[in-house]
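Since the structure comes first, as structure tokens, the remarks are kept for the end.
The values are calculated or read from the model by the stated rules, or taken from the named source; none is laboratory data. A quick note: this is a predicted structure, and the numbers were derived from the prediction, not measured. Because the Cβ atoms are built from the backbone with ideal geometry, glycine has one as well, and the counts that use them run over all protein chains shown. Please note that ligands, DNA and RNA were not included when accessible areas were found on the heavy atoms of the full protein model with its side chains. Shrake-Rupley method; radii C 1.70, N 1.55, O 1.52, S 1.80 Å.
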Amino acid sequence: MARPRFVSTLLIALLPLGFLAVMVVSPLIALALYDDASPLWQVLQDPYIQSRIGWTTLQALITCLLTLLTGVPIAWVLARLDFRGRRWILRLLMLPFVMPTLVAGMGVLALFGPHGLLWAGWDGTPYLLLYGNVFFNLPVLIRAAYQGFLQVPAARLYTAQTLGANTWQRFWYVERPVLQPWLAGGMCLVFLYCFSGFGLAVLLGGNRYATVEVEIYQLIAYELDMAQASVLVLLVLCITALAGLLYAWLSRRTASGRSIQPLPPSPPRSPAAKSLLAAAWVLLIACCALPLLAVLLQAVQAGSSWQVWREADTLHAVWNTLRFTFSAMLLATLLGIFHAALARRAAWVRGLTFLPFMVSPVCVAFGLLLLYPEWTASLPLLVSTYALLAYPFITKDLLAAWDGLPAGYTAAARSMGATPFQTAVSVTAPLLLPSLRRGLTLAAATCVGEFAATLFLSRPEWQTLTTLIYYYLGKAGADNHDRAMVLTAILMFIAFIVFILLDAVEKREQAV
């Protein structure tokens, strides 16, 4: 039995491990061994590069602090207070996970850019990027903190209340120690997204507040300085890899098989609870809803610019977006299933699930260009990059559901004479199907809104909705601005459809 299992494990490992070797490991080695790369110390001594690295780190840390200060009170309100609209807020917190970064950036510009509805003329300041970061990452920390609050046993809180502890004392001495690893994991993700983010930074940072990722893109696309770009890519990879590994370690710490009875939410009765609820609503509207509403409002006011949706370039961009997404989803599905199956047999493979999260699309695309110059602007390379960024969502959800399956189901099928293949098809697969649908939805959202890798690896005739929006935004004139907003509204509508599908899957899982 040992030999057939070894052979089957080897066959399962060929696709996911081979794909990661070709698409991630080999390009990173090519970056590290790049002959013409400038010495690291020489690049880091450049005052201009130092300012870019310093600002990139600073804006990520400030975002972590802002999301922590605003996210924890909101998460406490959602976990401890019962009010009208609470369930909708918990569902809508998934929206940023399916909303492209380009939509978030355009929403911030619609509020504070040259044609801003709320406070025009803030472009060229650091506040646009910080606000965009908070908009995109606040739900990440809220969800992490909310899950942490649910891990606090109700019995502890009742005991503390019986001993005379007030709400603040219960939070500080009972809830905070349980919450800390969840908050640390959430802040690692926020730092990772902000430090290696490209879409928001290229739209909102401008030339003065560009991040390292934007600097890498400009060095390659406009200055053809591959030597300096390769050094910056390695620096980004080291920092994001550390953050990713820390997040993976914290995720294992927060994983618990214990059944915990959390404190059920109760209606707000005290003036303090009502004030905190009102503040949470204000923060959620200001930080999460306003940019999306601003995009819709500016799109409605676009007038004749709405004709852009019928133009050939737009229809072609929509077609490219859909066909690239569909092709990538086919590959991502195979990769996700095989990677999850392999991780079930080899525990060390679970750590590789987070590998594509640890490298930014800009770094991946640059490494691919260095290693496979003959594949530049080839459709298989572009689709494979899409799949690389998407399939970890499928693997993660499949693994979580697979680990939770009762062992007795498969044992019962085998005892009745079913082969391993029959057991997998008739027992395991139907039980994993809801989690597969959820992973596919998140993966599809990633592909629909992909922007950074497309700029590097695409041809002009392969223009997608994201690159077409960027094209119009880079052209002068009010009509081009309005066209970009209309296309952003269309992209937001597509992302919202993905969100509806994801929400339907989650509700079906809860019903089961």
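Length gain on complete extension for the stretch Asp313 to Leu92, per 0.36 nm per residue less the alpha carbon to alpha carbon distance?
That pair, Asp313 and Leu92, stretches by 76.3 nm at full extension.
Grab the beta carbon distance between Arg84 and Lys475, set R0 = 51 Å, and tell me the FRET efficiency rounded to 0.05.
0.70
Check Leu81: other-chain or 5+ apart residues with amide H under 5 Å from its amide H, H built from backbone geometry?
Answer set, sorted by chain and number: Ser266.
With θ taken as phi - 60° and the coefficients 6.51, -1.76 and 1.60, list the Karplus ³J(HN,Hα) couplings across the stretch 387-401 in order, rounded to whole Hz; mark glycine and proline as x.
With coefficients 6.51, -1.76 and 1.60, one gets 5, 4, 6, 9, 5, x, 5, 5, 4, 4, 5, 5, 4, 4, 6 Hz.
From largest to smallest, what semi-axes in whole angstrom does the chain give when each is the square root of 5 times an eigenvalue of its alpha carbon gyration tensor?
Semi-axes (√(5λ), whole Å): 35, 32, 24.
Counting only protein chains, not ligands or nucleic acids, how are Ser415, Ser458 ordered by accessible area (probe 1.4 Å), most first?
Highest to lowest solvent-accessible surface, that is Ser415, Ser458.
Leaving out ligands and nucleic acids, note down the accessible area per residue over the stretch 232-332 with a 1.4 angstrom probe, in whole Å².
That works out to 57 Å² per residue.
At a 1.4 Å probe, what is the % contribution of carbon and sulfur to the accessible area of the chain? It would help to have the intermediate numbers written out before the result.
Details: 15790 of 23620 Å².
Accessible surface attributable to carbon and sulfur in the chain totals 67 percent.
How much length is gained if the chain between Trp249 and Gln151 is pulled fully straight, taking 0.36 nm per residue apart and subtracting their Cα-Cα distance, in nm to one decimal?
Result for the pair: 33.5 nm of gain on full extension.
Using the crude model of +1 on Lys and Arg Cβ and -1 on Asp and Glu Cβ, and no other charge, please compute the dipole size for the stretch 142-222 relative to its Cα centre, in debye to 20.
320 debye
Distances longer than 19 Å among the Cα atoms of the stretch 234-327: what percent of all pairs is that?
Looking at the stretch 234-327, the distances longer than 19 Å represent 77 percent of pairs.
Tell me the relative contact order for the chain as a rounded percent, counting alpha carbon contacts under 8 Å between residues six or more apart.
22 percent
Along the positive direction of the dipole of the chain (beta-carbon charges: Lys, Arg +1; Asp, Glu -1; about the Cα centre), which of Phe83, Ala144, Leu246 reaches farthest?
Final value for the positive-end residue is Phe83.
So how much accessible area does Lys274 have, in Å² to the nearest 10, using a 1.4 Å probe?
About 110 Å², ignoring ligands and nucleic acids.
What nm value, rounded to one decimal, do you get for the distance between Ala21 and Gln180 when each label is placed 7 Å out toward the C-beta?
Once both label points are built, they end up 4.2 nm from each other.
How large is ³J(HN,Hα), in whole Hz, for each residue of the stretch 235-241 in order, when computed from phi with the Karplus curve 6.51 cos²θ - 1.76 cosθ + 1.60 and θ = phi - 60°, using x for Gly and Pro?
5, 4, 4, 5, 5, 5, 5
What shape does the stretch 1-140 take by its C-alpha gyration tensor, where a ≥ b ≥ c are the square roots of the eigenvalues and a/c under 1.5 counts as rounded, a/b above b/c as prolate, and the rest as oblate?
Numbers: a/c = 2.55, a/b = 1.25, b/c = 2.04.
Verdict is oblate for the stretch 1-140.
Dipole of the chain, Cα-centred, from +1 at each Lys and Arg C-beta and -1 at each Asp and Glu C-beta, to the nearest 20 debye?
Using Cβ point charges on Lys, Arg, Asp and Glu, the chain gives about 2360 debye.
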